[in-house]
Each structure stands twice: as C-alpha cells, then as structure tokens.
Amino acid sequence: MLSIRDLSIKNKLIWMQVLTCILVLGLCFVAFVVTDIRGYKERKVTSTIAIAQVIGVNSISALQFLDNDAAKKILQQSEPDVVNAIILDKKGNIFASYTKTQISPYSFLPPFTDNYKFTDGFLYVYKNIIKDNELLGTVCLKVELSELQGIINQKIMIGALLLIVGITLAFVIAIINQGYISKPLISLITTIDTIRESGDYDKHVPVKGKDEIAMLSSEFNNLMEQIKLSNQKKDEFIGIASHELKTPLTIIKGFLEMLEDVELGEQNKFFVDRALNSANKLQDLIFDLLDVSKIESGQLMLNIQEFNLDELIDECISNIQTGNEKYPFIRIREYPGQIIWADRNRIEQVIINFLSNAIKYSPEVREIEVVTKSAKATVTVSIKDQGIGLPKSEHEKIFERFYRSTRSNIGTSGFGLGLYICAQIIKRHNGKIWVESDEVNGSTFYFELPIKNKQY
Ligand code: ADP
C-alpha cells in the first residue's frame, strides 16, 4: 500500500494544502448551517408565541361567555404553518379546536403552562390566557417547520459549491506553491547526479533566496568546493610522488638490465630476473599514476600522426606474446592496412592494455580474437576473450578510476587504472569505448576511432 512517506514532496505539499482547505471549509460550513438553523428556530419560536398571544387575547371574551364557535373562528384564522391549535379552559378541557389536516392528531402534552418545545419536526407552543391575574385557559399551537428542510438543502448546495471552488483554488495555489520547494530540491538532486556521473566538482547548484533550501544549496556548493580542493591536492601529490619515483626507478632498472648481461650463475640470475620483474611492475604503476595525474590536470596531450593501425596491432600482439606463447591469437581484418590519424603511442597503450587484460582475466588458456572493422569515417577494434567475463552491472563501472570487478578476485593484481586511462585516451580522440561481456562467454572490449583526428 502506498504510504504518505512514499509520496514525493511535491505531492505531499499539494495534498497537505488541499486537505487543510477541505477541513477548514468543512468546519466553516458546519458552523454556518448550525447557526442558521438555530436562528430560524429562534425566529419561529418568537413569531409563534406572538401568534399564541394574539389568539389568547382575542379569545378572552369567547372564554368568558363560553362561546366555542367564536373561539373556533379565531383559531381558524391562525397562520398557515399552524397544523393543530386548541384552546383549553382553565380546568384543562378542550374549549375549541382547529386542525389543518385530519391526519395530524392532537398531540399536546401537559404541563399547559407558558413553554415551547421541538418534537418530531414540529414546534409546540403553550401560552396561558390571563385576564386580571386570573387564568382563563391556554392556547396550544402545533407548528410545522416546513421551511427548515428547504433552508438545510439550500445551505448544503451553497456549501458544496464553496467546497468545489475552494478545493480547485487550493489545488491551483498548492501546485504553484510546491514549485518554490520541490524545484530547488529537484535541481539539487539533478546536480548531485551529474556530479556523481561526471566527477565534475565544478558544477554548482543555483542559490535563490534566503530560505532553508537556499542554505542547503549553498552548503552543498561549499562542500563541492572542498572536495574539489582536496582532489586537486591528492592529484598534485600523486603527480609529484610518481614523478619523484620515476628517476630512481629508471636507474635501478638500468643497473638490473646491465646485470642481466653479466655472467652471474643460476641463482643470482634468478634473483636479478625477479628484481627486474618487480621493477617493471612498479614502473607500469608509476606510468599509470603519471597518466592519471595528466588526465586530471587536463594535460594529456596527443601527438597526432598518420600510421597503419593493422601494423600497430600486429606489433602489439607480437610483443604481448613474448612470455604468453601458449595463448593463440586470431587476427581478423576487414580492410588490411587501415591508415588512421591518431596518437600512435597512446593507441598502442590502449591495445596493449586490452590484450594484457584478455590474458590476465582468462585463467584457462583459450583463443583471443582481435578484429578490425572499418566504416566510412571510423574504425573499430575489438578484442574478444573467453575468460571470466563481467556482470552487466559492471560494464560501465570498470572504466572508472580505481574500479576493480568483484570477479577479478582470481589472484590477479592491479589497481583498476588501465581501463580508466584507456577510456580517457579514446575520449580525447573523440572515439567510443565499451565492453560486451557475460560470466559464461567471456568479454569483448571495443574501441572506435574517427579515421581522421585533428591535432589537439
Ligand atoms: P586492473 O586490471 O589493473 O584491475 P583495469 O582498469 O585494466 O585494471 O581493469 C579494471 C577491471 O576490469 C579489472 O579489475 C577487471 O575486474 C575488469 N576487467 C578488465 N578486463 C577484463 C577482461 N578481459 N575480462 C574480465 N574482466 C576484465
């Protein structure tokens, strides 16, 4: 069942205002009808007592001279609302009577003293006839309240009309009013979403007015500024640290490579190989971090040149096969010798990354298929493996910085930087990068490039 908590703030505001309006109008309407009915009854009592008084005064001589006919005539002249009327003598016996309809029986009940009461939709009025302080009799009138139902109906009609107009107005005003609260909130949510997706902390929420939402928006903007600053500091640190590590590491690698050529004996050669291997891994990481730092500071420059893409792919495959000879590579070219304009080194970096991932995430040795397809203005490269694959939910996330799939937990090392750098390189070339993958058939990584790229 839909609870009030599940409603959007916009709908909550609209319903709150409309319900308040219904409640207030309803209460006003009840008060209005009750007051009107009471007023009508008071007026009816006053006028009927006056009629009874006139009948009483006019009947004094009839009572004194025991002239029933004269008393009856007086009663017959009473107001049309009077349905029954009787004059009692001083002993309480009926002296004269009048009835408008035969159906309505006399229903006057003692005490026959000056009083009135409302019973069964009728007004009963009793008025003593007194002359010179002597009680001569009592006038009893039974009056129908025919106008009352008419008054109630009329008030209900007015009330219903007011309610419809009131609710419509409340709806319109509520819809206008909610905009002042829900629109800035929606704008805040949209900005948060955009920042989350793009990682661009330069985005700001517009701050309008001085209310709590404006305060929230302004605090949010301050927070974004702080995050941006601390990110800048972190990127600066990564940039400086990797730069400082690069030189000593290059020297270490140089000496290790020199040692490789020296006659060392079996065991020492093993140690040098291990050390060189680790130095290479460290160097890859430092280069990745340097690239990240360049990307973040907008300094990833491209050196666009004309080159043969197929040749480059073949070169990359042959490089990667050294040490991975057991992996069979299949090459499919639609138009062999495709020439493109791009940064050769950076595209090489992307292909090497795709190829080494295809090997890294295929624990069982299976074929790796590399396909190039050319269209009129673009060329697409795909590298298909039969490895562990990726769930659909991660197809976009793996191109984010430092993201590693939960499935890469198969004893592979990595930092989740390679694909992020690839995505940024392809983006800078105005190209596209994506993956098609599932956990059964493995993954196919694609990138598409415009054949001609201008120099950036
Ligand atoms: P790294 O390999 O260092 O973790 P990458 O950025 O190259 O970083 O890859 C990010 C993540 O994408 C990897 O951790 C892995 O989970 C997933 N991935 C990349 N290539 C493949 C592939 N061919 N098959 C399955 N998963 C892959």
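For region 411-424, the tally of residues that are among the aliphatic types (A, V, I, L, M) and near the ligand (Cβ under 6 Å from one of its atoms) stands at 2. Across region 285-310, the number of residues qualifying as at pLDDT 90 or above, surrounded by 12 or more Cβ atoms within 10 Å (Cβ to Cβ) and of a type outside the set (A, V, I, L, M, F, W, C) comes to 5. Filtering region 412-440 to residues that are more than 30 Å from Trp341 (Cα to Cα) and open to solvent by 80 Å² or more (accessible area, probe 1.4 Å) leaves Phe415, Glu439, Val440. Hey, among the residues in region 375-389 that are open to solvent by 20 Å² or more (accessible area, probe 1.4 Å) and not hydrophobic (A, V, I, L, M, F, W, C), which one's nearest to Ile352 (Cα to Cα)? The extreme case among them is Lys384.
Is at least one residue of region 355-365 open to solvent by 20 Å² or more (accessible area, probe 1.4 Å), assigned to a loop (DSSP other than H, G, I, E, B) and within 9 Å of the ligand (Cβ to nearest atom)? Yes, that holds for at least one residue.
Among the strands (runs of 3 or more DSSP E) confined to region 46-146, the ones with at least 1 residues that are assigned by TED's automatic domain parsing to the domain that holds Asp36, at pLDDT 90 or above and open to solvent by less than 40 Å² (accessible area, probe 1.4 Å) are located at 82-89, 94-99, 122-131, 134-144.
Of all residues in region 398-407, those being closer than 25 Å to Glu296 by Cβ and either more than 7 Å from the ligand (Cβ to nearest atom) or not in a loop (DSSP other than H, G, I, E, B) (or both) number 5.
Scan region 410-424 and tell me whether some residue there is of a type in the set (A, V, I, L, M), in contact with a helix residue (DSSP H, G or I) (Cβ under 8 Å, 6 or more places away or on another chain), within 16 Å of Ser382 (Cβ to Cβ) and not in a strand (DSSP E or B). For region 410-424, residues of a type in the set (A, V, I, L, M), in contact with a helix residue (DSSP H, G or I) (Cβ under 8 Å, 6 or more places away or on another chain), within 16 Å of Ser382 (Cβ to Cβ) and not in a strand (DSSP E or B): present.
For region 198-208, a residue qualifies if it is open to solvent by less than 60 Å² (accessible area, probe 1.4 Å) and not hydrophobic (A, V, I, L, M, F, W, C), and the qualifying residues are Gly199, Asp200. Does region 435-444 contain any residue that is assigned by TED's automatic domain parsing to the domain that holds Gln338 and closer than 23 Å to Asp291 by Cα? Scanning region 435-444, I find at least one residue that is assigned by TED's automatic domain parsing to the domain that holds Gln338 and closer than 23 Å to Asp291 by Cα, so the answer is yes.
If the condition is being in a loop (DSSP other than H, G, I, E, B) and within 12 Å of the ligand (Cβ to nearest atom), then region 430-453 contributes Glu439, Asn441. Number of residues in region 196-222 that are at pLDDT 85 or above and either touching a strand residue (DSSP E or B) at 6+ places or on another chain (Cβ under 8 Å) or not in a loop (DSSP other than H, G, I, E, B) (or both): the value is 11. Do you know which of the residues in region 341-350 that are more than 13 Å from the ligand (Cβ to nearest atom) and assigned to a helix (DSSP H, G or I) is surrounded by the most Cβ atoms within 10 Å (Cβ to Cβ)? Here the answer is Ile347. Being closer than 28 Å to Gln299 by Cβ, more than 9 Å from the ligand (Cβ to nearest atom) and outside any loop (DSSP other than H, G, I, E, B) is a property that holds for Lys427. Residue count for region 441-454 under the criterion of being touching a Gly at 6+ places or on another chain (Cβ under 7 Å) and open to solvent by 20 Å² or more (accessible area, probe 1.4 Å): the result is 3. Taking the condition surrounded by fewer than 16 Cβ atoms within 10 Å (Cβ to Cβ) and closer than 21 Å to Ser413 by Cβ, does Asn319 pass? Taking the combined requirement at face value, the residue satisfies it. When Glu364, Glu369 are checked against the criterion of being within 24 Å of Ser318 (Cβ to Cβ), without any contact (Cβ under 8 Å) to a residue 24 or more places away in the chain and out of contact with any Asp or Glu (no Cβ under 6 Å at 6 or more places or on another chain), a single residue qualifies: Glu364. Do we find a residue being near the ligand (Cβ under 9 Å from one of its atoms) and in contact (Cβ under 8 Å) with a residue 60 or more places away in the chain anywhere in region 386-397? No, that holds for no residue.
The values are calculated or read from the model by the stated rules, or taken from the named source; none is laboratory data. In this text the structure is predicted, and so the values were computed from the model without any measurement. Note: ideal-geometry Cβ built from the backbone for every residue, glycine included; neighbour counts use all protein chains shown. Note: accessible area is taken over every heavy atom of the protein model, side chains too, but ligands, DNA and RNA are not part of it. Shrake-Rupley method; radii C 1.70, N 1.55, O 1.52, S 1.80 Å.
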